[in-house]
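Just below is one structure, and these are the notes that go with it.
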Amino acid sequence: MKNYLNQLRLVPHPPIVAVIALCLVIFLIQDMFSLRLSPDFGAVPLEFRNGLATVSVDGVTAELLSAVARLFTPIFLHGGPGHVVGNMVFLWAFGSLVSRLLGNWWALALCLLCGAIGNLTQIYMSPNSMIPIIGASGSVAGLEGVYFGLALRWTLPWPDVFPLAHPIPPSQLVLYALVGIGFDIYSVATETAAGIAYGAHIGGFASGLLFALLLTSVYGSAESWNRKR
C-alpha cells in the first residue's frame, strides 16, 4: 500500500490529472451505457433562474442548492469524443502550466471556479434556454485567461508541455489565447454562436484574467509569489 501511495505522488499535477480522469471516466460510462446525464447535471439556464426565484419566497432550498451545484457539474460532462478529447488536451496544457506557476491546488480551484463563472455567464446570455450547458471549455478558457494575465505581468519560463513539440516563447501561447477569445467574442457579436456556449468561454477567460491581474498587482513577480508559498 505504501509503495502504491508513493507511486501516486509521482503523478504530475495530480488535481488537474484527477479532473481529466473524471471527465474521461464519466464520458466512457455515458457512452457504454447510453446514459443521458446532461438533463440532470448540465446547467439549464431557465431551471437555474427558477431555482434563484425561490430564494425570495422560500429562502435556501434544495432546488437552489441543486441549481448552484449545476454550475460545477457540467464541467465533467461532454457531448462527444471530439468534445472531450479537445477539452482534455487543452485542460492539461494550460492546467499544468498554471499548476507549475501557482501550485496544484490553486490550479484546481481556478479550474472549477472559472468553469462555474463561465457557465453562469452563458446562463445570463441565454436566460430562457432549456438546452443544458455541458463541457470543460469554460474551465479551459479560464486557465488560458490566468496564463495570459500572468504572462502580461511576470517573466515566465518557456512552456514545455504536451501537446507542444518543443518549448516555445510564452508570447506564442498568449497570442493563441488572444485569438481564441477574439473568435468567441466575434461569434457572440455576430450571433453565430448557435450550439456552442461561447458565453462560457468568455466568462471563464475574463474571470481567469481578472484573477491573474489581481494576483500580479500584489505579487510583482513569480519569485515573490513562490516566496509566499
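Just so you know, all these numbers are worked out from the coordinates, no wet-lab data involved. Nothing here was measured: the structure is a model prediction, and the numbers come from that model. Positions of Cβ are backbone-derived with ideal geometry, glycine not excepted, and every protein chain shown enters the neighbour counts.
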Residues in the range 82-97 reached by a label modelled at Leu35 [backbone nitrogen below 17 Å; 7 Å Cα→Cβ]: 84
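Calculated FRET efficiency, Glu223 and Ile168, Cβ-Cβ r, R0 35 Å, to nearest 0.05? List each step's numbers first, then the result.
Numbers: r = 22 Å, r/R0 = 0.64.
It comes out at approximately 0.95.
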Fewest-first sequence of Ile196, Ile29, Ile123 by Cβ atoms within 10 Å of each Cβ: Ile29, Ile196, Ile123
Using a 10 Å cut-off around each Cβ, can you sort Leu150, Leu210, Leu120, Leu156 from fewest to most neighbouring Cβ atoms? Leu210, Leu156, Leu120, Leu150
Could you check the simple spin-label distance between Ala189 and Arg49, using points 7 Å along Cα→Cβ, in nm with one decimal? 2.6
Rg and Dmax of the chain, Cα atoms, in Å? 18.3, 57
Full extension from Trp105 to Leu178: what is 0.36 nm times the residue separation minus their Cα-Cα distance, to one decimal in nm? 23.7 nm
Are there DSSP H segments in the chain that both extend 15 Å or more along their axis (alpha-carbon positions) and score a mean Kyte-Doolittle hydropathy of at least 1.0? List them, or say none. 14-33, 81-102, 104-125, 170-189, 198-218
Amide H contacts of Ala43 (H built 1.01 Å from N, under 5 Å, at least 5 apart or other chain): Ile133
Per-residue ellipticity at 222 nm for the chain, helices alone: DSSP H runs ≥ 4 residues times -39500 (n - 2.57), over residue total, nearest 500 deg cm²/dmol? -22500 deg cm²/dmol
